[in-house]
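Worksheet for the structure shown next.
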Amino acid sequence: MASPQLDKTYNPKAVEKQWGAYWAEHQLFQPRHTGEDGSFCIVIPPPNVTGSLHIGHALNNTLQDILIRWKRMQGLKTLWIPGTDHAGIATQNVVERQLKEEGQSREDLGRQAFIERVWTWRHQSGDTIIGQLKQLGASCDWDRLRFTMDEGLSLAVREVFVRFYKEGLIYRGERLINWCPRCLTALSDIEVQHEDLKGTLYHIRYALAEDPETFLTVATTRPETLLGDTAVAVHPEDPRYQHLIGKQVRLPLTTRTIPIVADSILVDREFATGAVKITPAHDFNDFEAGERHGLKPLTILDYKAQMDPVGLKNAMVDQDLLATLSLKSVQEARSIVIETLKQKDLLIQEEEHPMALGKCYRCKTVVEPYLSPQWFVKTAPLAVPAIEAVETGKIRILPEGWKNNYLGWMRQIKDWCISRQIWWGHQIPAWYCRNCNKNNLLDTGHAVEATTLPDSNKMSCFISPNAQPIVSKTDPKICPRCGGSDLFQDPDVLDTWFSSALWPFSTLGWPEQTQDLKTFYPTSTLVTGLDILFFWVARMVMMGIKLTGQVPFRDVYIHALVRDAEGQKMSKSKGNVIDPLTKMSQYGTDALRFTLASMASPGRDMKLAEERIEGYRNFVTKIWNAARFIQLHADGPKTAAPLESRPFPDRWILSRKPCHSGSHQGLRRLSL
RNA sequence: AGGCGGAUAGCUCAGUUGGCAGAGCACUGCCUUUACACGGCAGAUGUCGCAGGUUCGAUCCCUGUUCCGCCUACCA
C-alpha cells in the first residue's frame with residue numbers, strides 16, 4: 001500500500017469492492033490446502049432461491065464465515081458449499097401472485113407453462129441472494145454453487161424415493177392430513193403454526209333416538225362439523241352416561257342417528273359435559289377414535305374448506321339447510337349452524353374457551369384436517385439411529401439445551417407427509433397405468449370437483465389409495481404388469497424439505513462416490529437457526545445416517561433469532577425490518593458483521609438496534625485511523641529487528657499474535 | 001398442559017470452576033491538542049426479579065415464587 005495518505009475516514013465500499021475482486025480472482029475459497037491437518041466443511045443452509053438477504057441470513061452466514069475462515073487460516077482443507085433451495089410452496093406463491101397481477105392463474109397457464117414461468121423467475125431472481133451473500137463477504141466456494149432442483153440433486157431425490165419405496169419406508173395411503181385451503185396442498189405437521197386465540201365452546205343438545213325428551217349435551221368449538229359426526233363418545237366409567245352407551249342419538253340438523261360409544265382415550269370426564277362428538281373426517285383425535293370404533297369418516301368440507309354439497313348429502317343434512325350451506329366457508333357455515341341450533345333450542349350454552357388454531361406457515365390461512373391419499377415417509381425406523389447419534393454424542397448440538405428439544409421431538413415423531421399438491425418442485429417419481437387402475441382413478445368423494453376441475457388441476461386425491469403406482473428412477477414407458485403404455489405421472493411434488501434433507505451429501509455428488517464426498521463427508525459443523533431444527537436438521541440426520549451410514553455433520557451450532565430493539569420479530573408488515581443490505585452500504589459490511597457477531601450469544605435471541613451498527617462502524621473507523629496514524633509517522637518499511645532487541649511494548653504486542661488472541665480462544669472454547 | 005430460556009446501570013447485554021459488580025449506547029463535565037468529532041480525556045449510575053436456604057462469603061449453588069419469551073402438545 002503505497003498511497004500517500006489514507007482517507008480520513010474508512011470507506012468500506014471501495015475497500016470491500018477491491019477485496020471482493022481479489023478473492024474472486026485468486027479463487028481463495030476453493031479448498032487449497034493439502035488436507036494433512038484435516039478437512040473442514042460446512043454446507044450453507046440454502047436460502048430460498050427467490051429470497052433476498054435478510055438480517056437472519058446475515059447473522060447465519062457471518063457466523064459460518066468466521067468459522068470457515070478460522071479453519072482455513074489454520075491450514076485445514078476447507079470447503080464451504082453455497083446454494084439455494086427451490087422452496088416449493090413459497091416460490092410457487094410468489095409466481096402465482098405475479099400472475100394474478102397480470103389477471104392470470106396457474107390453471108390458465110397449465111402445468112408445463114407455469115413451471116417454465118417459475119424457471120424464468122428463478123433465472124432472473126435466483127442469483128440475487130447469491131450476490132448478496134458475496135457482498136456480505138461469505139467465503140463460499142462459488143464454483144460449487146448448488147440448487148436443490150439441479151440435475152444432480154434431482155437424481156439424488158429420485159434415488160432416495162425409489163430406495164425408500166422399495167424398502168417400505170415410503171408409502172401412499174389415505175389419512176387425515178393438514179391441508180391449506182388457500183395453497184390447496186397438504187402440509188406436514190410441522191408446517192402448521194399454532195396460534196393461541198379465544199375460541200368459543202358451544203354446548204349442544206343431542207336428543208336420544210328412543211326418547212326425544214332426553215338429551216345428551218356435547219361441547220365443541222367447531223359446531224359446523226357436527227354435520228359430519230359419526231358418534232358421540234363418553235367415558236366408559238362415567239356414571240352419568242354409562243346407561244346410554246350403545247344407544248343412539250339423533251344428530252341435530254340431519255336425519256341421521258349416531259351411536260353413543262365409550263372411549264377412555266378421547267374423553268376427559270372432567271372437561272365440559274364429558275360427552276364428545278366424533279367427527280373422524282375433520283379432527284385428528286376423532287379420526288383415531290373413529291378407527292377404534294370402526295366409524296367411517298364423513299367428509300363435509302371440500303378442498304377449499306367449503307361445505308361440500310355431495311358430502312352434506314351423504315351426511316343426510318336437512319334439505320333446506322343443505323341448500324343454504326352449500327359451498328359456504330367454515331366461518332359462514334358456523335354462523336348458520338349456530339343460528340339454526342338456536343332456533344331449534346338445541347344450543348344451550350356458549351362460553352369463552354382458549355384454544356390453538358393451526359395456520360399455514362406460508363400464507364397464514366387456517367389449516368383444515370383433510371382426508372386424502374398422500375405419500376408418507378415412515379419415520380420411526382429412521383428416528384432410532386437419529387436419536388442414538390445425538391445421545392451418544394456422534395452429533396453434538398450446541399447450545400446443549402436444544403438437545404432435549406431434538407430428542408423429544410424425534411422420540412415421538414409421526415410419519416412425514418411428503419406429497420404436495422403444487423407444481424413447483426420434484427414431481428413424485430410414481431406413475432399409474434390407466435389400464436390397470438381403471439377403477440382407482442378419479443375415484444373421489446368429491447364428484448363435483450372431479451368433473452368440474454380442469455385436467456391440469458386434478459389433484460392426487462383423485463387417485464384412489466388403492467391405485468398401483470409404478471415407482472421408478474427413470475420415466476417408465478410401459479406398464480410392467482399389463483404392458484400398457486397409457487401411463488401418467490403422479491401430479492404431486494415432494495415437500496421442499498425432502499430435497500434439503502439430502503443437502504449435506506447431495507451437494508457433494510451423492511449417490512456418486514465422488515472425491516468431494518470422500519474428502520468432506522461427514523461435514524463438520526452445521527450453523528443454523530432454531531426455527532429449522534425439525535424442518536431441516538432433524539431430517540438431514542435421519543436421511544444422512546440411513547443413506548450414507550454416517551452422520552451428516554459432527555456439530556450443530558444453533559444461533560439466536562434476530563429481533564428488533566423491542567424484541568419483536570422483524571416483519572415487513574410491522575415495518576421494523578433492519579435490512580442488512582441497506583446497513584452494509586450505510587455503515588460497511590464489517591460494521592454489520594461485527595455487530596451481529598458480537599451480539600450472537602448462543603441460545604438467546606438478539607435484540608438489534610441500529611445504533612449498535614453505528615457504534616461498530618465508529619469502531620472500524622478507529623482502527624482505520626490507527627493505521628493512518630502509523631502510516632503518517634512511519635517512514636517506510638524497515639527490516640525487522642530481532643525480538644531480543646525490541647522494547648517491551650513491541651514484545652508484548654508480538655505475544656498477542658492471532659493464535660493467542662481472544663477470538664481464537666473464544667472459538668476454541670466452542671471446540672468446533 | 002409439558003419442556004426450555006430470560007429477569008444485572010436509563011437502554012441493549014457480558015459476567016464458565018462462589019471472593020469488593022462490567023461493556024457499548026445514552027447521560028454529565030472538560031477538550032475546536034494536525035490519526036480520528038464516526039473523536040479524546042474525565043465522571044455519575046445498580047437492594048444483580050422476589051422470598052427462603054447452603055456458605056466465612058451468593059449475581060453465580062439449592063428450594064419456592066412472580067413476570068416475560070420461545071418450543072412442543074389431540075383436551076373437545
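The values are calculated or read from the model by the stated rules, or taken from the named source; none is laboratory data. Quick caveat: nothing in here was measured; it's all calculated off a predicted structure. Note that we place each Cβ from the backbone using ideal geometry, even for glycine, and neighbour counts take in every protein chain shown.
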So, first residue within 18 Å of A:L547 (Cβ to Cβ) in region A:381-398, second residue of a type in the set (K, R) and assigned to a helix (DSSP H, G or I), Cβ within less than 6 Å, six or more apart or across chains; the pairs are A:L382/A:K546
Evaluate region A:207-221: report whether one residue or more is within 19 Å of the chain's Cα centre (by Cα) and not β-branched (V, I, T). no
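Going residue by residue through region A:355-372, is there one that turns out to be of a type in the set (S, T, N, Q) and touching a helix residue (DSSP H, G or I) at 6+ places or on another chain (Cβ under 6 Å)? It would help to see each step written out before you state the result.
Taking region A:355-372 and keeping what is of a type in the set (S, T, N, Q), we get A:365, A:372.
Still in the list and also touching a helix residue (DSSP H, G or I) at 6+ places or on another chain (Cβ under 6 Å): A:372.
Taking every residue of region A:355-372 in turn, at least one turns out to be of a type in the set (S, T, N, Q) and touching a helix residue (DSSP H, G or I) at 6+ places or on another chain (Cβ under 6 Å).
Just give me the residues in region A:34-58 being of a type in the set (S, T, Y) and either outside any strand (DSSP E or B) or free of Cβ contacts under 8 Å to residues at least 12 places away in the same chain (or both), in sequence order. Walk me through how you get there before you give the answer.
First pass over region A:34-58, keeping only residues of a type in the set (S, T, Y): A:34, A:39, A:50, A:52.
Within region A:34-58, A:T34, A:T50, A:S52 qualify.
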Note on region A:197-213: residues closer than 21 Å to A:V261 by Cβ and small (G, A, S) are A:A207, A:A209
Scanning region A:623-655 for residues that are surrounded by 11 or more Cβ atoms within 10 Å (Cβ to Cβ) and among the charged types (D, E, K, R), the one modelled with the lowest pLDDT turns out to be A:D650
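Please tell me if A:A14 is surrounded by fewer than 21 Cβ atoms within 10 Å (Cβ to Cβ), aliphatic (A, V, I, L, M) and without any contact (Cβ under 8 Å) to a residue 24 or more places away in the chain.
Considered against the rule, which asks whether it is surrounded by fewer than 21 Cβ atoms within 10 Å (Cβ to Cβ), aliphatic (A, V, I, L, M) and without any contact (Cβ under 8 Å) to a residue 24 or more places away in the chain, A:A14 comes out as yes.
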Residue hits (region A:68-94; crowded, with 23+ Cβ neighbours inside 10 Å and more than 17 Å from A:L526 (Cα to Cα)) are A:H86, A:A87, A:G88, A:I89, A:T91, A:Q92
Residue hits (region A:89-145; among the basic types (K, R) and either closer than 15 Å to A:S52 by Cα or in contact with a strand residue (DSSP E or B) (Cβ under 8 Å, 6 or more places away or on another chain) (or both)) are A:R122, A:K134, A:R144
Condition set among the β-branched types (V, I, T) and surrounded by fewer than 23 Cβ atoms within 10 Å (Cβ to Cβ), scope region A:171-217, selection farthest from RNA strand B (Cβ to nearest atom): answer is A:T214
Within region A:593-619, residues within 13 Å of RNA strand B (Cβ to nearest atom), under 18 Å from A:L53 (Cα atoms) and modelled with pLDDT of 80 or more come out as A:F594, A:T595, A:L596, A:A597, A:I613
Among (1) away from RNA strand B (no atom under 16 Å from the Cβ); (2) crowded, with 17+ Cβ neighbours inside 10 Å, A:E368 falls short only on (1)
Note on region A:218-231: residues in a strand (DSSP E or B) and either near RNA strand B (Cβ under 10 Å from one of its atoms) or loosely packed, with under 15 Cβ neighbours inside 10 Å (or both) are A:V218, A:A219, A:T220
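Looking for whichever is more than 42 Å from the chain's Cα centre (by Cα) and either among the β-branched types (V, I, T) or not assigned by TED's automatic domain parsing to the domain that holds A:K342 (or both) here; the options are A:I258, A:I245. Which one fits?
On the way: A:I258 fails: more than 42 Å from the chain's Cα centre (by Cα).
Selected residue: A:I245, the only one of A:I258, A:I245 that is more than 42 Å from the chain's Cα centre (by Cα) and either among the β-branched types (V, I, T) or not assigned by TED's automatic domain parsing to the domain that holds A:K342 (or both).
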With the first residue restricted to region A:215-240 and required to be touching a residue at least 60 places away in the same chain (Cβ under 8 Å), and the second required to be more than 10 Å from RNA strand B (Cβ to nearest atom) and hydroxyl-bearing (S, T, Y), Cβ contacts under 7 Å at 6 or more apart or on different chains are A:T221/A:T200; A:L227/A:T254; A:G228/A:T299
Residue set A:R163, A:R172, A:R182, A:R144; condition under 28 Å from A:P504 (Cβ atoms) and within 22 Å of the chain's Cα centre (by Cα); output residue A:R172
Given (1) in a loop (DSSP other than H, G, I, E, B); (2) surrounded by fewer than 19 Cβ atoms within 10 Å (Cβ to Cβ), A:Q98 misses just (1)
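Here is a list: A:L517, A:L487. Which entry is modelled with pLDDT of 90 or more and more than 25 Å from A:A58 (Cβ to Cβ)? Working first, answer last.
On the way: A:L487 fails: modelled with pLDDT of 90 or more.
None of the other options fit; the residue is A:L517.
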Reported set for region A:584-617 where residues are touching a His at 6+ places or on another chain (Cβ under 8 Å) and more than 20 Å from A:A138 (Cβ to Cβ) is A:P602
Cβ pairs under 9 Å, 6+ apart or interchain, first in region A:284-302 and polar (S, T, N, Q), second part of a helix (DSSP H, G or I), ordered by first then second residue, are A:T299/A:G228; A:T299/A:V310; A:T299/A:G311; A:T299/A:N314
Scanning region A:232-248 residue by residue, the ones that are within 12 Å of RNA strand B (Cβ to nearest atom) and not in a loop (DSSP other than H, G, I, E, B) total 3
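Would you say A:K304 is of a type in the set (K, R), modelled with pLDDT under 90 and surrounded by fewer than 17 Cβ atoms within 10 Å (Cβ to Cβ)? Walk me through it before giving the result.
Details: of a type in the set (K, R): yes; modelled with pLDDT under 90: yes; surrounded by fewer than 17 Cβ atoms within 10 Å (Cβ to Cβ): yes.
Yes: the conditions hold for A:K304.
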- prompt: Would a scan of region A:255-277 turn up a residue that is buried (at least 20 other Cβ atoms within 10 Å of the Cβ), in a helix (DSSP H, G or I) and within 15 Å of RNA strand B (Cβ to nearest atom)?
  reply: no
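Based on what the data block shows, is A:S139 in a helix (DSSP H, G or I) and crowded, with 17+ Cβ neighbours inside 10 Å?
Numbers: in a helix (DSSP H, G or I): no; crowded, with 17+ Cβ neighbours inside 10 Å: yes.
In short, no.
Name the residues in region A:414-442 that are part of a loop (DSSP other than H, G, I, E, B) and within 16 Å of RNA strand B (Cβ to nearest atom), would you?
Residues of region A:414-442 part of a loop (DSSP other than H, G, I, E, B): A:414-415, A:418, A:421-426, A:428-429, A:434-437, A:442.
Matches in region A:414-442: A:K414, A:D415.
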Counting only residues that are in a helix (DSSP H, G or I) and within 14 Å of A:T84 (Cα to Cα), region A:125-136 contains a total of 8
Next item on the list: Look at A:S585 and say whether it is over 21 Å from A:R69 (Cβ atoms), among the small types (G, A, S) and at pLDDT 85 or above.
Entry: yes
Matching residues in region A:372-413 (more than 14 Å from RNA strand B (Cβ to nearest atom) and either touching a Phe, Trp or Tyr at 6+ places or on another chain (Cβ under 8 Å) or among the basic types (K, R) (or both)) number 9
